[in-house]
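J.: Got a structure here, written out as structure tokens. Questions coming.
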Amino acid sequence: MNKSTTLWCATALLSVCGIISLVGCSSGEAQQNDSKASVANPPRRVTTMVPVQEEIFDFTELVGSVNATDTVDIQAQVSGQLEEVALTPGSFVKEGEVLFRIDKRVFQQEFDARVAAIESQKAALKVLEARLPSLKSEKDRTERLFESGGVSDSEKETAEANYNECVASIEECKVAIMAAEVAKRRAEIDLEYADVVSPIDGMVSRDFVTKGNLISANVTTLAKIVKVDPIHIYFNIYESMAPQLAKLGANGGLEIRFSVGDDNTLYSARLEYSDPYIDPSSGTQQMRAITPNPPLRADGSGEKGASLLPGQLVRVYVPTTTKYAALMVPEACIMSDLSKKYVYTVDGENKVQRTTIELGPLQKQTHLRVVRTGLTPETRVLQDNLLNVRPGDVVEMAEATQITPSRADSTSPPTADTASLDKS
């Protein structure tokens with residue numbers, strides 16, 4: 001081995017020794033730092049909860065439309081000049097309440113004429129009935145005298161003709177009186193029709209015709225009335241849902257829920273009708289539910305309800321299962337890892353664990369998510385500091401509490417098409 005080779009080996013050996021010394025020092029310093037950090041950073045204090053336990057049922061969300069139970073176009077049944085508009089647009093009216101008044105003078109004159117005609121016929125009948133006894137006596141007398149030869153044949157025939165003519169006149173008067181009574185009743189009806197009244201209880205629209213216009217009978221639409229309490233909700237279910245709903249009692253008044261607009265308040269309705277066929281063009285079956293819809297008064301008082309209006313769209317939640325016991329947690333506790341969903345739980349040693357769960361539907365009103373598998377009623381689920389802890393960390397845990405649906409976060413709107421509802 002020459003001198004240069006020996007020098008190179010010595011240099012390399014010194015370099016390796018220096019590196020080992022530096023690594024050893026660094027490792028020692030890191031261990032010291034970790035021990036100091038563990039002393040300086042005590043276990044993080046976290047809040048936990050136990051899953052909410054409730055009996056719920058799954059449902060499918062559909063779009064429904066609101067229809068009035070009764071809709072009436074108000075038209076006059078007599079022609080004439082509109083004399084008064086008595087309705088208040090947009091108000092609730094009772095059956096029989098006057099909405100419009102048509103000039104009555106012509107109808108009153110016709111009615112009075114029919115009454116006079118009846119009185120005239122009755123007077124004529126009274127005269128004829130007064131003459132009838134004397135004419136009958138005269139006819140009987142001439143018949144007796146004719147048998148004894150006391151009167152001629154012509155006198156006998158004249159007496160009989162006078163009697164028969166009076167009897168016929170009496171019958172004609174009675175028929176005329178009956179016809180006059182019918183005409184009077186018709187004139188009386190026309191007179192009543194001059195006051196246009198509401199045929200149902202409901203909400204009235206604005207007046208389509210103003211005072212002074214000429215109204216044509218059964219042609220001119222004066223206003224519209226819709227009956228809104230109770231009110232109908234129409235919606236279509238998928239063909240595949242029909243057998244399941246039949247099992248749940250869709251034909252026996254099955255209860256559904258619905259919500260209006262951005263309001264998450266849930267209202268109940270009862271199924272009362274379903275089409276006896278599937279529409280082949282859409283593969284759906286139309287169903288109809290009915291629900292109370294008490295109107296609010298102008299001062300805001302009255303029974304509370306959805307205050308639905310015909311033509312309005314609503315979200316309908318149709319049950320697809322019977323009630324079952326479910327465990328639920330707030331959406332904020334759930335995290336994602338690609339396609340997997342998980343929550344952080346705390347075990348008996350106060351260590352954080354990552355627990356994979358299988359999610360069920362979202363509860364619409366409270367935004368609690370059903371957890372199918374992965375949790376038990378006693379599992380302590382982490383509620384806060386989700387980004388500040390890792391699996392294996394030891395935490396200081398606040399006492400586990402049972403939250404109620406009323407305490408659940410309801411600020412974020414639901415995004416799932418299928419959810420669950422509390423039937424309480």
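J.: Name the residues in segment 61-116 that are in a loop (DSSP other than H, G, I, E, B) and in contact with a Pro (Cβ under 9 Å, 6 or more places away or on another chain), would you?
T.: Hits for segment 61-116 are GLU95, GLY96.
J.: Looking only at segment 39-85, which residues are at pLDDT below 80 and open to solvent by 80 Å² or more (accessible area, probe 1.4 Å)?
T.: VAL39, ASN41, PRO42
J.: All but one of (1) surrounded by 17 or more Cβ atoms within 10 Å (Cβ to Cβ); (2) not in a helix (DSSP H, G or I) hold for LYS211, so report the exception by its number.
T.: Result: LYS211 fails condition (1) only.
J.: Of these, ALA179, ALA246, which one is over 30 Å from VAL78 (Cβ atoms) and part of a helix (DSSP H, G or I)?
T.: Result of the check over ALA179, ALA246: ALA246.
J.: Here is a check on your reading of the model: is SER148 farther than 30 Å from ALA180 by Cα, of a type in the set (S, T, N, Q) and open to solvent by 80 Å² or more (accessible area, probe 1.4 Å)?
T.: So SER148 passes the test.
J.: Quick check on my filter: what residues within segment 221-241 are outside any strand (DSSP E or B) and surrounded by 17 or more Cβ atoms within 10 Å (Cβ to Cβ)? Spell out how you get there, then give the answer.
T.: If we filter segment 221-241 for residues that are outside any strand (DSSP E or B), which is where we start, we get 239-241.
Answer for segment 221-241, where residues must be outside any strand (DSSP E or B) and surrounded by 17 or more Cβ atoms within 10 Å (Cβ to Cβ): just MET241.
J.: For segment 105-138, name all the residues that are surrounded by 14 or more Cβ atoms within 10 Å (Cβ to Cβ), under 30 Å from GLU83 (Cβ atoms) and free of Cβ contacts under 8 Å to residues at least 60 places away in the same chain.
T.: VAL106
J.: Are there any pairs, at least 6 apart or on different chains, whose C-beta atoms fall under 6 Å, with the first in segment 158-169 and under 16 Å from PHE146 (Cα atoms) and the second open to solvent by 50 Å² or more (accessible area, probe 1.4 Å), and if so, which?
T.: Close Cβ pairs (under 6 Å, with a partner that is open to solvent by 50 Å² or more (accessible area, probe 1.4 Å)) amount to ALA159/GLU138.
J.: Can GLU192 be described as open to solvent by 30 Å² or more (accessible area, probe 1.4 Å), assigned to a strand (DSSP E or B), of a type in the set (Asp, Glu) and out of contact with any Leu (no Cβ under 6 Å at 6 or more places or on another chain)?
T.: So GLU192 does not fit the description; no.
J.: Which ranges mark the strands (runs of 3 or more DSSP E) fully within segment 323-424 that have 3 or more residues being under 39 Å from the mean Cα position of the chain (by Cα) and at pLDDT 90 or above? Write out each step before concluding.
T.: Numbers: elements: 324-330, 335-337, 340-346, 352-363, 368-373, 380-382, 395-397, 418-422.
It comes to 324-330, 340-346, 352-363, 368-373.
J.: Can you name the residue in segment 322-337 that is of a type in the set (Val, Ile, Thr) and open to solvent by less than 40 Å² (accessible area, probe 1.4 Å) and, of all such residues, is farthest from ILE357 (Cα to Cα)?
T.: VAL329
J.: Kindly list, by first and then second residue, each pair from a residue in segment 333-355 that is among the acidic types (Asp, Glu) to a residue that is surrounded by fewer than 18 Cβ atoms within 10 Å (Cβ to Cβ), limited to pairs with Cβ atoms under 8 Å and residues at least 6 apart or on different chains.
T.: Close Cβ pairs satisfying both conditions: ASP347/GLN353; GLU349/VAL394.
The values are calculated or read from the model by the stated rules, or taken from the named source; none is laboratory data. This structure is a prediction, so every number in the text was calculated from the model and none was measured. Positions of Cβ are generated from backbone atoms using ideal geometry, with glycine treated the same way; all protein chains shown enter the neighbour counts. Accessible surface areas use protein heavy atoms only, side chains included; no ligands, DNA or RNA. Shrake-Rupley method; radii C 1.70, N 1.55, O 1.52, S 1.80 Å.
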